[in-house]
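Heads up, the thing below is written out as structure tokens.
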Amino acid sequence: MIRLSGLARAFPGPPPRPLFSGLDLSVAPGEIVAILGESGSGKSTLLNLIAGLDRPDAGSVVVDGAELSVLDDDARTRFRRERLGFVFQAFHVLPYLPVARNVALPLALNGVPDAAGDARVASLLDAVGLGDRAASMPRELSGGELQRVAIARALVHAPAVVLADEPTGNLDPRTAASIVALLRDTLKARGATGVLATHSHAAAAIADRVLVLAPDGLSPAAVHR
Ligand SMILES: Nc1ncnc2c1ncn2[C@@H]1O[C@H](COP(=O)(O)OP(=O)(O)OP(=O)(O)O)[C@@H](O)[C@H]1O
Ligand SMILES: [Mg+2]
């Protein structure tokens, strides 16, 4: 479902910041992969490359059969909108939209009429334990609840691939554990593929495979479950 080959990315200086080169990764359909690595190692950059939000200096990114480098901007935007769910490091829940409209956003962007999307939004809100908060505004929600809104939004349009950047940042350990378990269950129930960047070994433990990002690429991690 995801194939990265010979991927390299550096940010120009000064001082220049080479992040990684020669990076290879294959993720099977339905597989969940967690990526650990020090702060600044390039985990968010790697997710952005998989999402087509950033371009590699070398190498190729193929997601769900699409070679991202040959798509123009419009095609890349459409690809992202239709086939990808993204849980951002800082939620990006829109403050002026009620919870249900935040979750429905990918459906609206894909031209799905509200009437057709409402049932999906409601069932996802139920699945993340926010069935009674559909009409709440984001400012009325806790950090853990906002994180669950972000997860529901990343799944609502049934994307083939879900990318989650530090989905448990700033959460207490118990809330973090329940949120990653929820993420895993929802991905598995849908047969979706997931890549999760995290510092948390507890979060990484829900993955089928755990890798560490370093300048020479990805290698298997020792995980403390
Ligand atoms: N657009 C950019 N221009 C220049 N440097 C950048 C840019 N984006 C990221 N960097 C640098 O690249 C390095 C990797 O950043 P990235 O956000 O990918 O790390 P990370 O592994 O996700 O870190 P964290 O665990 O703290 O989230 C950092 O040193 C960062 O400052
Ligand atoms: Mg990051």
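The values are calculated or read from the model by the stated rules, or taken from the named source; none is laboratory data. The shown structure was predicted, so the numbers you read here are calculated from the model rather than taken from an experiment. Glycine gets a Cβ as well: all are built from the backbone with ideal geometry, and neighbour counts include every protein chain shown.
Here are the numbers for the structure shown:
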| item | result |
| --- | --- |
| Test: residue in the range 20-29 that is under 18 Å from L196 (Cβ atoms), more than 16 Å from ligand 2 (Cβ to nearest atom), among the β-branched types (V, I, T) and in contact with a Gly (Cβ under 6 Å, 6 or more places away or on another chain) | no |
| Cβ-Cβ under 9 Å pairs, at least 6 apart or on other chains, the range 60-81 side under 22 Å from G30 (Cβ atoms), far side of a type in the set (F, W, Y) | V63/F79; D64/F79; A66/F79; L68/F79; R80/F86 |
| Test for A222: is it over 30 Å from G22 (Cβ atoms), more than 13 Å from ligand 1 (Cβ to nearest atom) and modelled with pLDDT under 95 | no |
| Per-region count, the range 188-211, residues touching a Leu at 6+ places or on another chain (Cβ under 9 Å) and either farther than 22 Å from L171 by Cα or charged (D, E, K, R) (or both) | 4 |
| Some residue of the range 2-24 being more than 23 Å from R184 (Cα to Cα) and acidic (D, E) | yes |
| Hey, D185 among the charged types (D, E, K, R), within 30 Å of D114 (Cβ to Cβ) and within 16 Å of ligand 1 (Cβ to nearest atom) or not | no |
| Subset of the range 4-18 (residues that are within 11 Å of ligand 1 (Cβ to nearest atom), modelled with pLDDT of 90 or more and surrounded by fewer than 21 Cβ atoms within 10 Å (Cβ to Cβ)) | A10, F11, P18 |
| Looking only at the range 23-43, and only at residues there that are surrounded by 17 or more Cβ atoms within 10 Å (Cβ to Cβ) and near ligand 1 (Cβ under 7 Å from one of its atoms), the one that is nearest to the chain's Cα centre (by Cα) | K43 |
| Which numbered condition S69 misses (of (1) part of a strand (DSSP E or B); (2) away from ligand 1 (no atom under 15 Å from the Cβ); (3) more than 29 Å from G129 (Cβ to Cβ)) | (1) |
| Any helices (runs of 4 or more DSSP H) falling wholly within the range 115-225 and containing at least 3 residues that are away from ligand 2 (no atom under 16 Å from the Cβ) and surrounded by 15 or more Cβ atoms within 10 Å (Cβ to Cβ) | 143-155, 173-190 |
| Qualifying position, being aromatic (F, W, Y), closer than 28 Å to A203 by Cα and under 16 Å from the mean Cα position of the chain (by Cα), among F79, F20 | F79 |
| Search result, residues across the range 61-114 that are within 16 Å of ligand 2 (Cβ to nearest atom) and of a type in the set (A, V, I, L, M) | V87, A90 |
